[in-house]
Amino acid sequence: MTQGKNAIITGSTSGIGLGIAEAMAAAGINVMLNGFGDAAEIEETRKKLAADHGVKVAYNGADMTKPEEIEALVAQTESDFGQVDVVVNNAGIQNVQPVEEFPVAKWDAIIAINLTSSFHTIRLTLGGMKQRGWGRVINIASAHGLVASPFKSAYVAAKHGVLGLTKTVALEAAEHGVTVNAICPGYVLTPLVQMQIPDTAKARGISEEEVIQNVMLGNQPTKQFVTTEQLGGLAVFLCGDAAASITGAALPVDGGWTAQ
Ligand code: NAD
């Protein structure tokens, strides 16, 4: 059922997006990669995914802060693959600082990438999905879409916004065979998380080791980081028939964090 579908996965040159790209390619889904990084490494990833799984894999480097580049990303996917069946809104950035010191440019960038870019990919692809009577939108929100932590005002605001967008579009698409869901991961040890360890240590006045043990894993009753493979598995499940009645949901994959 997923075989031969076509997916755009934003921010898939690293971390969670790349894990979802691997899982989707393994499920027979053609993948449009997106994100920043070294051109040669991205081309290596693209070729390997295609060769390992016998699917089409393309790349478009759209900057998700730029609506015209997002339009070009969707247009390239339609021209390379024929149509867009699955959109995974995953691109995201973080900045950890107290709100009164939070740089305005960082606030704007986080809202643009972590929230507004999902509006653009959805507005550009939902019509085709509804017309064909099948589609999947998967928004990678966060446990921070459900609960807050200090010093992450823009990120928490954006991720709560993603859940509002998810529910609204789910209602608009519900009668057309299109499901719209959010996955809310806890901490996953990706470059995004690694980069915020020093800033969190500074903002809280604790050591980097204490950030990992007490702040990050301290939030997660399992005391384990969530893995990109686990998130890829859920994203593929959401594309299948068994998930056809799951829509408008915010699905925590957070080791019990938000159960507390
Ligand atoms: P990451 O830094 O490993 O990957 C982020 C990806 O987004 C990269 O491919 C990067 O190139 C891309 N990206 C960044 N800015 C972009 C832009 N302007 N245009 C296009 N692409 C851009 O981070 P990650 O941890 O894999 O995060 C992926 C998503 O998962 C984010 O939305 C993040 O908020 C969410 N998330 C992460 C965690 C975690 O613990 N790592 C937890 C919950 C949610």
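If I ask for residues that are over 21 Å from Ile16 (Cβ atoms) and surrounded by 17 or more Cβ atoms within 10 Å (Cβ to Cβ), which ones from the stretch 171-197 would you list? Talk me through it step by step, then tell me what you get.
Within the stretch 171-197, the first condition is being over 21 Å from Ile16 (Cβ atoms), and the residues that meet it are 171-178.
Matches in the stretch 171-197: Ala173, Val178.
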Any pair with Cβ under 6 angstrom, 6 or more apart, that starts in the stretch 76-96 at a residue that is open to solvent by 30 Å² or more (accessible area, probe 1.4 Å) and ends at one that is within 16 Å of the ligand (Cβ to nearest atom) and modelled with pLDDT under 95: Gln94/Leu192; Gln94/Gln196
Per the list (1) open to solvent by 60 Å² or more (accessible area, probe 1.4 Å); (2) closer than 22 Å to Ser118 by Cβ; (3) assigned to a helix (DSSP H, G or I); (4) more than 15 Å from the ligand (Cβ to nearest atom), residue check on Lys47 breaks on (2)
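Inside the stretch 170-206, can you point out the residues that are among the aliphatic types (A, V, I, L, M) and touching a Phe, Trp or Tyr at 6+ places or on another chain (Cβ under 9 Å)?
To start, the set of residues in the stretch 170-206 that are among the aliphatic types (A, V, I, L, M) comprises 170-171, 173-174, 178, 180, 182-183, 188-189, 192-193, 195, 197, 201, 203, 206.
Passing the criteria: Val178, Val188, Leu189, Val193, Ala203.
Within the stretch 200-214, which residues are part of a helix (DSSP H, G or I) and not small (Gly, Ala, Ser)? Full working, then the answer.
Initial filter on the stretch 200-214 (part of a helix (DSSP H, G or I)): 200-204, 208-214.
Listed by number, the residues that qualify are Thr200, Lys202, Arg204, Glu208, Glu209, Glu210, Val211, Ile212, Gln213, Asn214.
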Restricting to the stretch 230-255, count the residues that are under 17 Å from Gly15 (Cβ atoms) and open to solvent by less than 20 Å² (accessible area, probe 1.4 Å). 4
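Which members of the stretch 164-199 meet the condition of being in contact (Cβ under 8 Å) with a residue 12 or more places away in the chain, within 12 Å of the ligand (Cβ to nearest atom) and either within 16 Å of Ile122 (Cα to Cα) or not in a loop (DSSP other than H, G, I, E, B) (or both)?
The initial filter retains those residues of the stretch 164-199 that are in contact (Cβ under 8 Å) with a residue 12 or more places away in the chain, namely 165-167, 169-174, 176-193, 195-197, 199.
Restricting the remaining residues to those that are within 12 Å of the ligand (Cβ to nearest atom) gives 182-193, 195-197.
Ala182, Ile183, Cys184, Pro185, Val188, Pro191, Leu192, Val193, Met195, Gln196, Ile197 - these are the residues of the stretch 164-199 that are in contact (Cβ under 8 Å) with a residue 12 or more places away in the chain, within 12 Å of the ligand (Cβ to nearest atom) and either within 16 Å of Ile122 (Cα to Cα) or not in a loop (DSSP other than H, G, I, E, B) (or both).
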Neighbours by Cβ (under 7 Å, 6+ apart or cross-chain): first from the stretch 138-163, within 12 Å of Ile110 (Cβ to Cβ); second open to solvent by 30 Å² or more (accessible area, probe 1.4 Å) and away from the ligand (no atom under 11 Å from the Cβ): Ser153/Val99; Ala154/Lys106; Ala154/Trp107; Ala154/Ile111; Val156/Ala148; Ala158/Ile111
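For the stretch 141-157, which positions are in a helix (DSSP H, G or I), among the hydrophobic types (A, V, I, L, M, F, W, C) and within 8 Å of the ligand (Cβ to nearest atom)? Spell out the reasoning first.
Narrowing the stretch 141-157 to residues in a helix (DSSP H, G or I): 143-145, 153-157.
Cutting the leftovers down to among the hydrophobic types (A, V, I, L, M, F, W, C) gives us 143, 154, 156-157.
Of everything in the stretch 141-157, just one residue is in a helix (DSSP H, G or I), among the hydrophobic types (A, V, I, L, M, F, W, C) and within 8 Å of the ligand (Cβ to nearest atom), namely Ala143.
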Counted residues, the stretch 15-44 - those being in a loop (DSSP other than H, G, I, E, B), open to solvent by less than 50 Å² (accessible area, probe 1.4 Å) and more than 17 Å from Gln83 (Cα to Cα): 2
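Working carefully through the options Thr258, Thr200, Thr227, find the one that is among the polar types (S, T, N, Q), modelled with pLDDT under 95 and surrounded by 15 or more Cβ atoms within 10 Å (Cβ to Cβ). Before you say what the answer is, go through the steps one by one.
Details: Thr258 fails: modelled with pLDDT under 95; Thr227 fails: modelled with pLDDT under 95.
Unique residue meeting the criteria: Thr200.
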Quick one: Ile246 ticks every box in (1) in contact with a Ser or Thr (Cβ under 8 Å, 6 or more places away or on another chain); (2) over 23 Å from Ile138 (Cα atoms); (3) β-branched (Val, Ile, Thr) except a single one, so which number is it? (2)
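Name the one entry in Leu165, Leu146 that is at pLDDT 95 or above, in contact with a Cys (Cβ under 7 Å, 6 or more places away or on another chain) and open to solvent by 20 Å² or more (accessible area, probe 1.4 Å).
On the way: Leu165 fails: in contact with a Cys (Cβ under 7 Å, 6 or more places away or on another chain).
Only one candidate passes the filter, namely Leu146.
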When every residue in the stretch 55-70 that is open to solvent by 70 Å² or more (accessible area, probe 1.4 Å) and farther than 17 Å from Ile9 by Cβ is compared, the one nearest to the ligand (Cβ to nearest atom) is Lys66
For the structure I just gave you, tell me whether Thr222 is out of contact with any Lys or Arg (no Cβ under 6 Å at 6 or more places or on another chain), in a loop (DSSP other than H, G, I, E, B), open to solvent by 30 Å² or more (accessible area, probe 1.4 Å) and closer than 30 Å to Lys5 by Cβ. no
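The values are calculated or read from the model by the stated rules, or taken from the named source; none is laboratory data. Just so it is clear, the model here is predicted, and its values are computed rather than measured. Positions of Cβ are backbone-derived with ideal geometry, glycine not excepted, and every protein chain shown enters the neighbour counts. Accessible surface is based on the protein model in full, side chains and every heavy atom, while ligands, DNA and RNA are left aside. Shrake-Rupley method; radii C 1.70, N 1.55, O 1.52, S 1.80 Å.
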